[in-house]
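The values are calculated or read from the model by the stated rules, or taken from the named source; none is laboratory data. What you see is a predicted model; the values in this text were computed from it and never measured. Here Cβ is always computed from backbone atoms with ideal geometry, including for glycine, and neighbour counts include all displayed protein chains. Each accessible area value is taken on the protein alone, full model and side chains, heavy atoms only, with ligands, DNA and RNA left out. Shrake-Rupley method; radii C 1.70, N 1.55, O 1.52, S 1.80 Å.
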Amino acid sequence: MKATLLCLCFALIAVQLSAQQKFNGINSNMSNIYQLSDAKTRSISPENFKGEKGKGGMAT
């Protein structure tokens, strides 16, 4: 009985610790699609080779 209770306590602690980790947006799938991340996206194109913010449409 004590071993079962101890295992349950460790499992609950592990769940709490994993829930506190920040989601980085990598390895997204259908099981975590509801989570938001602080990721910033940039588009690299012939007009913006480095993907810099606000530099699109500047080709000469």
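Below is a table of values for the structure above.
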| item | result |
| --- | --- |
| Flag for Leu17 being modelled with pLDDT of 75 or more, among the hydrophobic types (A, V, I, L, M, F, W, C) and open to solvent by 70 Å² or more (accessible area, probe 1.4 Å) | no |
| Some residue of region 25-38 being surrounded by 10 or more Cβ atoms within 10 Å (Cβ to Cβ) and at pLDDT below 75 | yes |
| Selection count, region 40-58, where residues are part of a loop (DSSP other than H, G, I, E, B) and surrounded by 10 or more Cβ atoms within 10 Å (Cβ to Cβ) | 8 |
